[in-house]
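Undergrad: Dumping the structure here so I can ask a few things about it.
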Amino acid sequence: MTEQRNPKLMDGRGLAKRVLESAAKKVETIRGSTGVTPALATVLVGDDPASATYVRMKRKRCEDTGMKSLLVDLPHGTSTEQLVGEIQKLGADPTVHGILVQHPVPQPIDKRAVFEAIPPAKDVDGVTSATLGRVILGLPAFIPCTPEGIMRLLSEYGVALDGAHAVVIGRSPILGRPMASMLINAHATVTLCHSRTRSLPTIVRNADVVIAAVGRPRFVQGGWIKVGAVVIDAGYNPGNIGDVDFDGALEPCSLITPVPGGVGPMTIATLIEHTADAAAQQMGVAGPEDQETKRSG
Ligand code: NAP
């Protein structure tokens, strides 16, 4: 029996499936012309169960797409120097094409020092400061996977960004900040909100597009949403709960991403695609389509 979907729901699973199918073709082309299988190294530090689950999901998608997945599993208590040393080894290893450090990394590791140790060519998760600079300027880069996945969802559903008022809640370097830059590059008028923002409900009520990236369950209330607004919920809190009060927002919005099944699958699919593209670039292979990384806006 075909499931009846609410037409307001943005289907991240369906789009992610297509992205993964295209990545699998790229992997096949690379293997066919070089004999080398693209490989993603995932670095996990400590024993956070949520991080372990995310890493398992990413590794499974990697293998489903025909790529190699390498796990570097380090104990709690690993120092910044040890972690940087591991990243440098992966950076110098020609059989590794992409490096993902699962975050958050435990305190007191200097997260920034760890991220900066990833060579830009292998920065498939888009965490280095060099990548963020390129994203702001709209230059080709491996864009952080969640904002890139969101931009693809917006494009897939024909959301007009030119001149629209987009409100991004959250300013983290991997999500809110690059998201705001990409929306600016797509000619939206962007308001970037954070924990010190005053009158947040009033700001959100003026938004044509709302991007919630807060990390607080059901934080954005349905009553804040303007009639006809597009609501993107990047939140992923324990119990599969987003950052938006989904039931409250469904009535006024025109489109909304469910949690799960919205932004999450697009994040992983984008990571896998970046790894295939990174491998192609490192080995000088032109793919079935143009292998040049996408422009970040
Ligand atoms: P983060 O680094 O903790 O950043 C959270 C942001 O929310 C910060 O900028 C913070 O402001 C802001 N914030 C916190 N409380 C607020 C409040 N009361 N009012 C307004 N803003 C507030 O989190 P993140 O890594 O960006 O992740 C955000 C969410 O996305 C989380 O739920 C995370 O699980 C989810 N996520 C999902 C995916 C996916 O694949 N679906 C990937 C990554 C992250 P300050 O800067 O002022 O502290």
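Undergrad: Could you please let me know if residue 172 is under 23 Å from residue 262 (Cβ atoms), more than 16 Å from the ligand (Cβ to nearest atom) and either assigned by TED's automatic domain parsing to the domain that holds residue 76 or open to solvent by 20 Å² or more (accessible area, probe 1.4 Å) (or both)? Show your work before the answer.
TA: On the way: under 23 Å from residue 262 (Cβ atoms): yes; more than 16 Å from the ligand (Cβ to nearest atom): no; either assigned by TED's automatic domain parsing to the domain that holds residue 76 or open to solvent by 20 Å² or more (accessible area, probe 1.4 Å) (or both): yes.
It is false that residue 172 is under 23 Å from residue 262 (Cβ atoms), more than 16 Å from the ligand (Cβ to nearest atom) and either assigned by TED's automatic domain parsing to the domain that holds residue 76 or open to solvent by 20 Å² or more (accessible area, probe 1.4 Å) (or both).
Undergrad: Looking at (1) over 19 Å from the mean Cα position of the chain (by Cα); (2) closer than 28 Å to residue 249 by Cβ; (3) buried (at least 19 other Cβ atoms within 10 Å of the Cβ), which one does residue 90 not meet, given that it meets all the others?
TA: Residue 90 satisfies all of (1) over 19 Å from the mean Cα position of the chain (by Cα); (2) closer than 28 Å to residue 249 by Cβ; (3) buried (at least 19 other Cβ atoms within 10 Å of the Cβ) except (2).
Undergrad: Right, here's the next one. For the subset of region 236-258 comprising residues that are assigned to a loop (DSSP other than H, G, I, E, B) and of a type in the set (Gly, Ala, Ser), which member is modelled with the lowest pLDDT?
TA: Per the criteria, the residue is 239.
Undergrad: Next question. Within region 244-264, how many residues turn out to be surrounded by fewer than 24 Cβ atoms within 10 Å (Cβ to Cβ), within 28 Å of residue 38 (Cα to Cα) and near the ligand (Cβ under 9 Å from one of its atoms)?
TA: Here the count works out to 0.
Undergrad: Separate question: Tally time: how many residues in region 259-278 are farther than 20 Å from residue 55 by Cβ and assigned to a helix (DSSP H, G or I)?
TA: Residues flagged as farther than 20 Å from residue 55 by Cβ and assigned to a helix (DSSP H, G or I) within region 259-278 amount to 1.
Undergrad: Quick one: is residue 83 over 21 Å from the mean Cα position of the chain (by Cα) and under 17 Å from residue 71 (Cβ atoms)?
TA: Criteria met by residue 83.
Undergrad: OK, next. Quick check on region 199-213: of everything there that is open to solvent by 70 Å² or more (accessible area, probe 1.4 Å) and in a loop (DSSP other than H, G, I, E, B), which residue is farthest from residue 267 (Cα to Cα)?
TA: 199
Undergrad: Find the residue count for region 93-121, including only residues that are open to solvent by less than 30 Å² (accessible area, probe 1.4 Å) and in a loop (DSSP other than H, G, I, E, B).
TA: Result for region 93-121: 8.
Undergrad: Search region 202-214 for residues that are touching a residue at least 40 places away in the same chain (Cβ under 8 Å) and pair each with any residue that is within 10 Å of the ligand (Cβ to nearest atom) and acidic (Asp, Glu) when their beta-carbon atoms are under 9 Å apart and the residues are at least 6 apart or on different chains.
TA: The qualifying pairs are 210/233; 211/233; 212/233; 212/243; 213/233; 213/243; 214/243.
Undergrad: Another question about this same structure. Only one residue in 196, 216 is at pLDDT 95 or above, within 11 Å of the ligand (Cβ to nearest atom), under 23 Å from residue 261 (Cβ atoms) and surrounded by fewer than 20 Cβ atoms within 10 Å (Cβ to Cβ). Which one?
TA: Within the list 196, 216, the selection yields 216.
Undergrad: With the condition kept exactly as written, say whether any residue in region 179-192 is near the ligand (Cβ under 10 Å from one of its atoms), part of a helix (DSSP H, G or I) and more than 15 Å from residue 255 (Cβ to Cβ).
TA: Yes, some residue in region 179-192 is near the ligand (Cβ under 10 Å from one of its atoms), part of a helix (DSSP H, G or I) and more than 15 Å from residue 255 (Cβ to Cβ).
Undergrad: Right, next: Are any residues in region 1-51 in a strand (DSSP E or B) and in contact (Cβ under 8 Å) with a residue 60 or more places away in the chain, and if so, which ones?
TA: The initial filter retains those residues of region 1-51 that are in a strand (DSSP E or B), namely 9, 39-45.
Hits for region 1-51 are 9, 39, 40, 42, 45.
The values are calculated or read from the model by the stated rules, or taken from the named source; none is laboratory data. Treat the numbers as computed from the prediction; the structure is a model and nothing was measured. Backbone-built Cβ (ideal geometry, glycine too); neighbour counts: all protein chains shown. The protein model used for the area step is the full one, side chains on, heavy atoms only, and it has no ligands, DNA or RNA in it. Shrake-Rupley method; radii C 1.70, N 1.55, O 1.52, S 1.80 Å.
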